[in-house]
Amino acid sequence: MYSLPHKRNDGPMDIPTLTDIPSLTDIPSLTDIDDQMDYADLSDDMLDWYDANARILPWRISPVESQGGIKAIPYHIWLSEIMLQQTTVQTVIPYFQKFLHKWPRVEDLAAAELDQVLTAWAGLGYYARARNLHKCALYVRDELGGIFPDTEEELLKLPGIGAYTAAAIASIAFERPATVVDGNVERVISRLFNIKTPLPDAKAEIKQMARKITPRHRPGDYAQAVMDLGATVCTPKILKCSGRCPWEKACLSKKEGTAEQLPLRRSKGAKPTRRGYAFWGEYEGFVWLRRRPEEGLLGGMMEIPSTPWQETKNWAEVPAPQVPIITNWKEMQGLVRHSFTHFHLELKVIKLDFAEKIDHQEGDWFPLARLEDFALPTVMTKIVDHVREPVLDL
Ligand code: SF4
């Protein structure tokens, strides 16, 4: 068994751009490839490799169990797939176990309060997933009698389930021959077929080629096998696949020596930075918090109130803070930094000086000692940490 972490969406840092690869000539056409490859052999070889090398994961049934007729549990597969979006396997394992312990069936998860789910989710990030998870559990309990649908088409109708997740659940939980393509599979397939179209433009081509190999026999094991190969052997950077990959002889990028440079990705601009001021109001063991609007980034989560986060080139462009409560205040030294998918965030913290617990239309006072109960998103816990121990690297 291998134990390397596996990320469903490998970031652009791991993937070279078009300019890094010297030649786009001599690319075989799809017909040439069809002549060279025996797709049934490829899927058989992959399944043999999986039988010997499958990772042991708490939501997964082993190849021996699967061939013995034991079926994966749809609730487990769905829960793990939602958690694995944007998150490594190693990070997800303890969360998956905690969720199953608290809510062993989808009906139990549906019966939980949303805040309980968000609290248990804290640290996994991308909180919209947790909100959709709960919404989906309610839908499956109330509309489907607690039974997950078994086709991609029906799964796609559920909250929080996109094309990848629907294919993964249909294939792994229900043995449907769906073509499952995540970041690992994209890498493996683009190398196997030496696909030099940069991502994201290559997605359709990759899916078309992946579909050719997807077997009708053991499609769930096959999908997990390719993902495992991408996570453990056909990895983004260190490519030591000789003698370890079942597709070594067929692999076109291995023959051409381009494997380590694939997949290509269209170069993107740098992420912008947004800046703002967070207001820390503390009085006799209580802290002032408010709830974010339901829609949008960190929707419905508790937050330390702040000015709007504005995209600027530097701090000189950030308007002076409008302190929301008339009181004395002091700007703390240092910055709180956090990165979201589409932007970096820098916050300066302003400490408000209260002589009493002033009521404010936005937000309320909460006991500092119980902050852990409020499912604060990571960026907010960074503010709390900064107040307790300022980070001074400006
Ligand atoms: S031979 Fe190497 S590059 Fe090609 S698919 Fe296998 S692990 Fe990936």
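The values are calculated or read from the model by the stated rules, or taken from the named source; none is laboratory data. Computed from a predicted model, the values in this text were never measured in an experiment. Ideal geometry is used to build each Cβ from the backbone, glycine not excepted, and the neighbour counts take in all protein chains shown.
Mind listing whichever residues of the stretch 299-311 are assigned to a strand (DSSP E or B), buried (at least 16 other Cβ atoms within 10 Å of the Cβ) and of a type outside the set (Ser, Thr, Tyr)?
Within the stretch 299-311, MET302, GLU303 qualify.
Please tell me if ARG290 is away from the ligand (no atom under 16 Å from the Cβ), surrounded by 11 or more Cβ atoms within 10 Å (Cβ to Cβ) and of a type in the set (D, E, K, R).
So ARG290 fits the description; yes.
Any idea which of (1) more than 11 Å from the ligand (Cβ to nearest atom); (2) of a type in the set (D, E, K, R); (3) over 30 Å from ARG337 (Cα atoms); (4) surrounded by fewer than 22 Cβ atoms within 10 Å (Cβ to Cβ) is the one ASP221 doesn't satisfy?
Of the numbered conditions (1) more than 11 Å from the ligand (Cβ to nearest atom); (2) of a type in the set (D, E, K, R); (3) over 30 Å from ARG337 (Cα atoms); (4) surrounded by fewer than 22 Cβ atoms within 10 Å (Cβ to Cβ), the odd one out for ASP221 is (4).
Mind telling me which of the residues ASP150, ASP108 ends up being at pLDDT 95 or above and within 24 Å of VAL226 (Cα to Cα)?
The unique qualifying residue is ASP150.
For the stretch 224-249, name all the residues that are of a type in the set (A, V, I, L, M) and surrounded by fewer than 20 Cβ atoms within 10 Å (Cβ to Cβ).
Within the stretch 224-249, ILE238, LEU239 qualify.
Are any residues in the stretch 230-280 acidic (Asp, Glu) and within 10 Å of the ligand (Cβ to nearest atom), and if so, which ones?
Passing the criteria: GLU248, GLU260.
Output the residues belonging to the stretch 82-116 that are among the hydroxyl-bearing types (Ser, Thr, Tyr) and either assigned to a helix (DSSP H, G or I) or over 22 Å from GLY300 (Cα atoms) (or both).
THR88, THR91, TYR95
Take the conditions away from the ligand (no atom under 15 Å from the Cβ), under 25 Å from PRO63 (Cβ atoms) and in a helix (DSSP H, G or I) and apply them to GLN208. Does it pass?
Spelling it out, it is not the case that GLN208 is away from the ligand (no atom under 15 Å from the Cβ), under 25 Å from PRO63 (Cβ atoms) and in a helix (DSSP H, G or I).
Scan the helices (runs of 4 or more DSSP H) fully inside the stretch 134-192 and keep the ones with 1 or more residues being more than 16 Å from the ligand (Cβ to nearest atom) and under 20 Å from LEU100 (Cα atoms).
Because the criterion is at least 1 residues that are more than 16 Å from the ligand (Cβ to nearest atom) and under 20 Å from LEU100 (Cα atoms), the helices (runs of 4 or more DSSP H) in the stretch 134-192 that meet it are 163-174.
Among the listed residues PHE99, PHE174, identify the single one that is of a type in the set (Phe, Trp, Tyr) and closer than 30 Å to SER43 by Cβ.
It is PHE174.
Among the candidates GLY296, GLY281, single out the residue that is within 30 Å of PHE340 (Cβ to Cβ), small (Gly, Ala, Ser), surrounded by 12 or more Cβ atoms within 10 Å (Cβ to Cβ) and not assigned by TED's automatic domain parsing to the domain that holds GLY125.
Exactly one of GLY296, GLY281 is within 30 Å of PHE340 (Cβ to Cβ), small (Gly, Ala, Ser), surrounded by 12 or more Cβ atoms within 10 Å (Cβ to Cβ) and not assigned by TED's automatic domain parsing to the domain that holds GLY125, namely GLY281.
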